[in-house]
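Asks: My questions all concern the structure below.
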Amino acid sequence: PLVDVKSSQTMRTVDRSVIENTPTGRNFTDLILTAPGVVADNYERAPVQSVHGQSVRNNLYNLDGAHATDDTVGYAVQNVNFDAVEELQVTTGGISAEYGQATGAVFNFITKSGGNDFHGLASFYLQSDSLQGDNQTRELMAQGLTQGSRVVKNRDLGFNVGGPIKRNRIWFFVNYLNNILEKTQP
């Protein structure tokens, strides 16, 4: 049926094909911004999201179904390697009673797992000072602003591998991420 008369839930599932083919940042929380009604906000050091005008503290983050929200400030307590995310479910309305703390949205990240076939991925991403321009004008320089905010270096090196230990019974999945980020702020 075109209309689900049993549920008022508003949910978007971002699957692996969307994750691989949609241009986003390399932070796992950037995937949340692909859902309607979700906009980026920012605390000092952590990316957060506002949903339908709600406070960023009204959201709930789950990692493979487990609570992963810092209840003090309302952002994810766990940083997940972007390449380890298999799927994301973003629920922005009609939230189930099991998520009683969430009046904004529920973000459920599902990570990759092993399987009966070996698979893996290696990645390297680099953003450096030489790959950026600036918009410094004479007026800004006259006001004492000699440089804007810029990324000096952002290096992201990672890999993951998964497969069977015992076919149809036990699988493994290993993930590694090394990220170095240097920024300047006026």
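Derivation of every value follows stated rules applied to the coordinates shown; laboratory data play no part. Not measured: the values here are computed from a predicted model. We place every Cβ from the backbone using ideal geometry, glycine too, and count neighbours over all the protein chains shown.
Asks: Could you size up the charge dipole of the chain around its Cα centre, putting +1 on the beta carbon of Lys and Arg and -1 on that of Asp and Glu, and report it in debye to the nearest 20? If you can, show how the numbers build up before the last one.
Replies: Numbers: 15 positive and 19 negative charges, 62 e Å.
The dipole of the chain has a size of about 300 debye.
Asks: Give a quick list of chymotrypsin sites (Phe, Trp or Tyr not before Pro) in region 113-144 that DSSP marks as loop, anything other than H, G, I, E or B, with at most 13 other Cβ atoms within 10 Å. Intermediate values should be presented prior to the final figure.
Replies: On the way: sites: F118, F124, Y125; in loops: F118.
Those that pass, being in a loop and sparsely packed, are F118.
Asks: Near the amide H of G104, under 5 Å away, which other amide H atoms are found, from residues 5 or more places off or on another chain, if H is placed in the peptide plane?
Replies: So G104 has HN proximity to N59.
Asks: What's the magnitude of the charge dipole for region 89-161 around its Cα centre, counting Lys and Arg as +1 and Asp and Glu as -1 at the beta-carbon? Answer in Debye, nearest 20.
Replies: Numbers: 5 positive and 6 negative charges, 32 e Å.
Dipole size: approximately 160 debye.
Asks: Also, I was wondering about something else. To the nearest 500 deg cm²/dmol, what mean residue ellipticity at 222 nm is calculated for the chain from DSSP H runs of n ≥ 4 alone, each contributing -39,500 (n - 2.57), summed and divided by the residues?
Replies: On the way: 2 runs with 11 residues, N = 186.
It lands at -1000 deg cm²/dmol.
Asks: Same structure again: Residue-wise, which Karplus ³J(HN,Hα) couplings in Hz belong to region 136-142, taking 6.51 cos²θ - 1.76 cosθ + 1.60, θ = phi - 60°, and x for glycine or proline?
Replies: 5, 10, 4, 5, 5, 5, 5
Asks: Restricting attention to region 70-172, which trypsin sites (Lys or Arg not before Pro) occupy a DSSP loop and are surrounded by at most 14 other Cβ atoms within 10 Å?
Replies: Details: sites: K112, R138, R150, K153, R155, K166, R167, R169; in loops: K112, R167, R169.
In loop regions of region 70-172 (DSSP not H, G, I, E or B), the sparsely surrounded trypsin sites (Lys or Arg not before Pro) are R167, R169.
Asks: Apply the Karplus parameterisation 6.51 cos²θ - 1.76 cosθ + 1.60, with θ equal to phi minus 60°, to every residue of region 73-86 and state each ³J(HN,Hα) to the nearest whole Hz, in sequence, with x for glycine and proline.
Replies: Listing the rounded values in order: 10, x, 10, 5, 8, 10, 8, 9, 4, 3, 6, 9, 7, 8 Hz.
Asks: Could you identify which residue out of L145, L157, L31 has the top mean-square fluctuation in a GNM of the chain using Cα springs shorter than 10 Å?
Replies: Result for the chain, Cα springs under 10 Å: L145 fluctuates most.
Asks: Residue farthest toward the positive end of the dipole of the chain, with Cβ of Lys/Arg at +1 and Asp/Glu at -1: which of F159, S128, I95?
Replies: F159
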